[in-house]
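Presented below is the structure to which this report refers.
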Amino acid sequence: MSEPEPTTAQPCSHPLLSSLPDASPLKSMSRDQLKDVASEIRDVLCNLLATRTAHFASNLGVVELCIALHCEFDFRHDRLIWDTGHQVYPHKLVTGRYHDFPSIRTRGGLMGYPNPVESEYDLFMTGHAGCSVSTAVGLRSGDVLSGNADRRTVAVIGDGAFPSGIVFEAMNNAGELEDDLTIILNDNKMSICPRVGSVATYLDRLRSNPYYTGLKHEVTRLLDHVPMFGDPTERLLAQMKEGVKAGLLGGMLFEELNIRYVGPIDGHDIPMMRKYLAMVREMKGPVLLHVVTEKGHGYKPAAEDPVFFHTPPAFKDDRGKPVSTASSGCPPFTLHARDAIRRQMADDKRVTIITAAMCQGNKLEPIREQFPDRFFDVGICESHAVAFAAGQCKNGMRPIVDIYSTFLQRSYDQIFQEVALQDLPVVFLMDRAGLTGPDGPTHHGIFDIGYLRVFPNMVVMAPGYAGEVDLMLAKAIEHDHSCAIRYPKASALELDRTPDEVVIGKSERIREGRDGTIVAYGAMLDQALAAADLLADDLDVGVINARFVKPIDREMIRETMSGDKFVVTLEEHVKMGGFGSAFLEAAAEERLDTRKIHILALRDEFIEHGDREELLAEHGLAAEPIAATCREAANLQAIPLQ
Ligand SMILES: Cc1ncc(C[n+]2csc(CCOP(=O)(O)OP(=O)(O)O)c2C)c(N)n1
Ligand SMILES: CC(=O)[C@@H](O)[C@H](O)COP(=O)(O)O
Ligand SMILES: [Mg+2]
């Protein structure tokens, strides 16, 4: 495959893609035309990356697979689920969304994941890994029950997502139901980082089997001459034959689960894939087709460094060398957290770090190098990560589960039973807690306060600025119960002050104020201070860095609500179950006048993708709307409360 021309600001013309109203014309295109479609798709992807950060290498890798699938099926009628959904760009480009494609991952534009609102070709809005096989098994079952058995069902799942526990739950069920189903395992040897675990090793073994290396035909031909029936020696030979054959054919794991295994095949050879897809389409019962692809295929820098090019910052192709055009600001919370983890691990041999395949996103690579024995990447297996941490705790270790807020949802029952109920001191570092921007509703981490603060003994906190991150993690490690620390995908505010000592359940006053107080939870401190500045000519507003939602600082609540002062609470979280809600509950229990409390939080809706600042402003969580709420609150206070 030739490399696309260096990217330019204006997309080149794409005669084939731009003429596709939907995927059906692909079926009648020649081999050469389909190859040209593949080149056009890669060109569009490269042009996109010159303008913004987006999922790149995964999409480059599935171009041919996507084209072949749409040639052999009609997914307006048949069913197609792309697991996770981050590799869905080629699919969008051939299913009538080429002209809208430049809007992808911007406010009001196409979503970076499947979205049924956009197209009948998308069935579920997804972004979390692992559920494709389950939903496909369910779709098939529903089609059989509702008299639509002529529909075909296909799930495409990457080798990174494949070891998720739920995939095995789905295969367990599929093997028993025996409904027709095609599972395509897209094996590119990569998750975001190189894939890990023994399933990965198993897939490596399958890749090296004689079939893929071209010997299979010869060996199975020879084996076919061994007789199946006859005397005991012959029977023994026959049994051996089956064993040898299974070993040679590979896929025994799947075959034993009653899922036919086919492959591995080259996922960049469109004619061959069409042949295999046509074959598995007609097979009865569940079938797994093992497809080998290269992540980043067709763009050399991405194929050579698929980790960086998973979601690279916008770059311009300068003779093949990507040049980041990303702007630099204050370091993000993630980096402060990484440095804090490193310090804790250096000081205390009990501290371990556990990631569920997000080493790169959490910037943990240097920790992986420095502490290989205490670094655990368990793969995309969040439930296991949490239960595994609980197990380590029982032996006196102090595990830190470093995880995105939205992915921790996958482990809810393990947080309940294995951690909270046992009262074990697992530390959760919840990155991406808040609005994650262009990833959108599947990735916003806006429910964690609500889902964690309900557990007895759990401490739930959030740093408001950079200087606190280290202190909070140290406190969490020292504490004998489970602690969760949340922070968003954002630069950490740098304050010119020595943070107060971190005391569990105590807030920190940052600014005095006579008229009212803004109580900010976590990174909202930034906006709180900006709003107080905006108000300086009219109102003297104090600012408190709440630090803890559980236990919440009741003394602070009594103090801020004394006299006729108003209180505005801020959080990057939904209102229900969040910080303001906890404040209100405590104030009510303290018999305080709760009419003086104004809660600013995210609305009760799934929030679209867009720029984080833009989304915060829309939800009243930027300096201007916060200041406006304070003015309104002050005016209300002027009217005597009945
Ligand atoms: C439950 C969950 N955990 C983590 C992630 C983050 N994540 C997105 S893509 C990805 C790697 C997926 O690897 P694979 O399925 O092999 O797809 P590839 O990118 O290699 O095509 C990870 C870890 C996620 N989306 N969902
Ligand atoms: C698809 C997916 O879940 C990840 O690739 C995610 O988009 C990464 O998010 P960050 O870019 O915030 O690490
Ligand atoms: Mg992969």
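Observations, loosely collected:
- Rounded if a/c under 1.5, otherwise prolate or oblate - segment 564-642, Cα gyration tensor axes: oblate
- Cross-link reach list, lysines versus residue 565, counting only Cα pairs under 26 Å and skipping chain neighbours closer than eight places: 506, 550, 575, 596
- From its DSSP helices (H runs of at least four residues, each -39,500 (n - 2.57)), the chain gives a residue-normalised ellipticity at 222 nm of -11000 deg cm²/dmol.
- Shape class for segment 490-624, computed from the alpha carbon gyration tensor (a ≥ b ≥ c): rounded, with a/c under 1.5.
- Contact order normalised by residue count of the chain, Cα under 8 Å, 6+ apart, percent: 11
- Pairs exceeding a 27 Å alpha-carbon distance, out of 27/92; 300/489; 189/284: 300/489; 189/284.
- Applying a DSSP loop filter and a limit of 12 other Cβ atoms within 10 Å to the GluC sites (Glu not before Pro) in segment 165-210 leaves 178.
- Length-normalised contact order of segment 378-462 in % [C-alpha pairs under 8 Å, at least 6 apart]: 29
- Expressed as a whole percent, the proportion of Cα-Cα pairs in the chain lying more than 38 Å apart is 41%.
- Assigned charges on the beta-carbon of Lys, Arg, Asp, Glu; segment 438-526 dipole about Cα centre (debye): 260
- Dipole axis of the chain (+1 Lys, Arg; -1 Asp, Glu on Cβ), positive-most option in 98, 161, 261: 261
- Within the chain: Cβ-based charge dipole about Cα centre, in debye rounded to nearest 20 (Lys, Arg +1; Asp, Glu -1): 920
- Of the peptides 81-88, 438-445, the order by per-residue mean of other Cβ atoms within 10 Å, starting with the highest, comes out as 81-88, 438-445.
- Packing-based ranking, highest mean first, of 195-206, 119-130, 38-49 given that Cβ atoms within 10 Å are counted: 38-49, 119-130, 195-206
- Once the Cα atoms are used to define both axes, helix 63-72 deviates from the longest principal axis of the chain by about 60 degrees.
- Across the alpha-carbon set of segment 1-125, the Rg to Rh ratio works out to 0.92, Rh being the Kirkwood radius.
- Taking Cα centre as origin and charging only the Cβ of basic (Lys, Arg, +1) and acidic (Asp, Glu, -1) residues, the dipole magnitude of segment 556-611 rounds to 320 debye.
- Folded to 0 to 90 degrees: helix 525-535 orientation relative to the chain principal axis, Cα: 40
- With θ taken as phi - 60° and the Karplus curve 6.51 cos²θ - 1.76 cosθ + 1.60 applied, the whole-hertz 3J(HN,Hα) list for segment 339-354 is 5, 5, 4, 4, 5, 5, 5, 6, 7, 9, 5, 7, 7, 10, 10, 10 Hz, x standing for glycine and proline.
- Per-residue 3J(HN,Hα) values for segment 444-460, derived from phi via the Karplus relation 6.51 cos²θ - 1.76 cosθ + 1.60 with θ = phi - 60°, read 4, x, 10, 10, 5, 4, x, 7, 9, 6, 6, 8, x, 6, 6, 9, 10 Hz in sequence order (x marks Gly and Pro).
- Between the amide H of residue 459 and those of 482, 483, 484, distances stay under 5 Å, these residues lying 5 or more places away or on another chain, with hydrogens modeled in the peptide plane.
- Spatial offset of segment 85-152 relative to segment 464-497 amounts to 38 Å, using the alpha carbon center of each.
- Folded to 0 to 90 degrees: helix 31-49 orientation relative to the chain principal axis, Cα: 20
- Dimensions of segment 82-161 along the principal axes, based on C-alpha atoms and rounded to the nearest Å, stand at 39, 28, 18, largest first.
- Sequence-distant contacts, meaning Cα pairs under 8 Å at least 6 residues apart, place the relative contact order of segment 323-404 at 34 percent.
- In the chain, the DSSP beta bridges split such that about 15 percent are antiparallel, to the nearest 5.
Coordinate-derived values only; no laboratory data. Not measured: the values here are computed from a predicted model. In this analysis, Cβ positions are derived from the backbone assuming ideal geometry, glycine residues included, and neighbour counts consider all displayed protein chains.
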